[in-house]
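The values are calculated or read from the model by the stated rules, or taken from the named source; none is laboratory data. These figures come from a predicted structure and were not determined experimentally. Positions of Cβ are generated from backbone atoms using ideal geometry, with glycine treated the same way; all protein chains shown enter the neighbour counts. Accessible surface is based on the protein model in full, side chains and every heavy atom, while ligands, DNA and RNA are left aside. Shrake-Rupley method; radii C 1.70, N 1.55, O 1.52, S 1.80 Å.
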Amino acid sequence: MTIATTPQRDLLREIEQSAAAPDIAAAAALLEIGDRLGVLEEISAGGEFTAGGLAAIGELPEAGVARYLQAMESAGIVERVDGDVFQAVPDFAVIRHQAGYVSWTMNANRPFIEHAREFLLDPEHARAAYVRDGRQVAVSSQWMGSLAFYPAAFEAITSVRPARVADLGSGTCRLLIELLDILPDATGLGLDLAPGACEAAREAAGNAGMSDRITVLERSIQSLATDPEPLRGADVIHAGFVFHDMMPDEEHVADAVLANCREALRPGGLMAITEAVPYLPNERERRFSSIVTYYHREFMTRKLLSVPEWEQKLAGAGFRRVETVELGFPTGRLFLARK
């Protein structure tokens with residue numbers, strides 16, 4: 001048994017008093033449970049809810065949902081409004097954002113952790129046999145991104161007051177819907193390869209009353225290398241964490257997509273790329289940057305480009321005035337380039 005020294009005990013006491021790690025870990029577990037129960041979206045919506053209402057939404061026993069809400073209330077994630085009526089606490093978005101880091105790092109990438117030996121011994125077999133849960137990846141990424149990488153892109157896009165916005169790898173079109181909500185005269189194009197995401201995007205656009213303003217295309221990013229016509233006339237093209245999926249095997253395709261994006265933009269148009277960059281040494285980002293880079297290189301065989309490499313690639317595609325914005329998301333950068 002190792003006995004902690006006095007300085008170590010003092011540090012441990014300070015960490016335990018701050019309670020950051022235990023709090024975030026517990027919140028991540030409770031929120032993931034709520035997501036799997038099918039009730040977290042209603043809790044997150046900002047309105048009031050009851051155990052009975054959530055039970056009906058999730059087709060669950062009311063008594064079990066009531067016990068779940070008891071745990072959520074005890075954890076300070078929801079609060080009781082009156083009697084059996086609850087609502088999310090004011091800092092719910094912050095709690096969910098912090099929990100996203102644990103959820104993505106530990107659970108969305110669980111196959112890489114559990115089968116690390118297989119990936120090192122027989123990587124080809126392991127990549128075919130042990131696949132991540134795409135839904136878990138999407139949900140945890142959304143939790144992280146809500147406060148860490150979406151706001152910077154949102155601000156950059158809205159600042160130019162675009163009439164048409166294209167989002168590559170748009171998922172459920174959440175970013176487009178929020179953009180068009182404050183740009184009432186704008187239209188949007190969402191492009192994604194996943195059928196489920198496109199179906200959900202069309203439904204979300206309909207629920208937001210934007211079916212006539214948002215076009216959803218079920219296509220790969222790579223297809224834009226030969227047919228960029230859907231992007232024609234866009235004022236802004238945004239791509240969030242999609243270009244690295246073409247690196248390194250399809251880097252020439254990525255170059256063609258970038259060139260075609262520039263060509264399709266209106267004069268003075270903006271290309272906004274949100275991406276992860278590898279192994280950052282600064283104190284704030286070094287640890288999370290390390291696991292993001294390692295996951296991508298070791299298990300996904302993806303190449304993350306450095307800041308100079310991205311700036312050079314955008315300049316090579318013909319863009320001018322390339323600007324790099326450091327994001328709150330550790331290892332994330334927003335690259336802004338003008339036509």
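How big is the equivalent ellipsoid of the stretch 61-218 along its three axes, where each semi-axis is √(5λ) from the Cα gyration tensor, reported in whole Å from largest to smallest?
Details: eigenvalues 178, 152, 47 Å².
Semi-axes from the Cα gyration tensor: 30, 28, 15 Å.
Where does each of 78, 253 land when they are ordered by accessible area, with a 1.4 Å probe and the largest first?
Working: 78 5, 253 25 Å².
Sorted by accessible area, descending: 253, 78.
When the helix-only estimate is applied to the chain (DSSP H runs of n ≥ 4, each -39,500 (n - 2.57), divided by the residue count), what is the mean residue ellipticity at 222 nm, nearest 500 deg cm²/dmol? Walk me through the intermediate numbers first.
On the way: 16 runs with 166 residues, N = 339.
Computed mean residue ellipticity for the chain: -14500 deg cm²/dmol.
Given the convex hull over the Cα atoms of the chain, what projected area results after averaging over all orientations, in nm²?
Working: hull surface 83.6 nm².
Averaged projected area of the chain's Cα convex hull equals 20.9 nm².
Given the options 182, 214, 24, state which has the largest fluctuation in a GNM of the chain using a 10 Å cut-off (strictly under) for Cα springs.
Checking each option, the largest mean-square fluctuation is seen for 182.
With the full set of protein chains in place, find how many percent of the accessible area of the stretch 98-157 is carbon and sulfur; take the probe as 1.4 Å. Spell out each step's value before the answer.
Numbers: 1670 of 3000 Å².
The nonpolar share, carbon plus sulfur, comes to 56 percent.
Between the stretch 289-339 and the stretch 89-144, how many Å separate their Cα centres?
Between the Cα centre of the stretch 289-339 and that of the stretch 89-144, the gap is 21 Å.
Could you state the angle between the C-alpha long axis of helix 134-148 and the longest principal axis of the C-alpha atoms of the chain, as a value from 0 to 90 degrees rounded to the nearest 10?
Approximately 90 degrees, to the nearest ten.
Around residue 215, which amide H atoms from residues at least 5 apart in sequence, or from another chain, sit under 5 Å from its own amide H, with H modelled in the peptide plane?
188, 189, 190
Using a 10 angstrom cutoff on alpha carbons, build the Gaussian network for the chain and name the most mobile of 292, 137, 160.
Highest fluctuation of the listed residues: 160.
Determine, from the Cβ-Cβ distance of residue 36 and residue 226 and an R0 of 30 Å, the FRET efficiency 1/(1 + (r/R0)^6), rounded to the nearest 0.05. Walk me through the numbers before you get to the answer.
Working: r = 40 Å, r/R0 = 1.34.
After rounding, the FRET efficiency stands at 0.15.
Pop out the carbon and sulfur fraction of the accessible area of the stretch 191-339 as a percent, whole number, probe 1.4 Å. Mind dumping the intermediate values first?
Values: 3250 of 6640 Å².
Heavy-atom surface of the stretch 191-339 belonging to carbon and sulfur, 1.4 Å probe: 49 percent.
Taking the Cα centre of the chain as origin, work out the dipole magnitude from +1 charges on Lys and Arg Cβ and -1 charges on Asp and Glu Cβ, in debye rounded to 20.
Numbers: 32 positive and 48 negative charges, 196 e Å.
Around 940 debye, computed over the chain.
Who wins for biggest fluctuation among 302, 132, 67 in a Gaussian network model of the chain, springs between alpha carbons below 10 Å?
Looking only at 302, 132, 67, the biggest GNM fluctuation is shown by 67.
With a 1.4 Å probe and all protein chains left in place, how much accessible area per residue does the chain have, in Å²? Kindly include the intermediate steps, with their values, before the conclusion.
Working: 16820 Å² over 339 residues.
Here the residues of the chain average 50 Å² of exposed surface.
Which shape class applies to the stretch 277-339: rounded if a/c is under 1.5, otherwise prolate when a/b exceeds b/c and oblate if not, where a ≥ b ≥ c are the square roots of the Cα gyration tensor eigenvalues?
Working: a/c = 3.05, a/b = 1.61, b/c = 1.89.
Because a/c hits 1.5 or more and a/b fails to exceed b/c, the stretch 277-339 counts as oblate.
Averaging sequence separations of C-alpha pairs under 8 Å and six or more residues apart, then dividing by the length of the chain, give the relative contact order as a whole percent.
On the way: 522 pairs, mean separation 39.9, N = 339.
Over the chain, the number comes to 12 percent.
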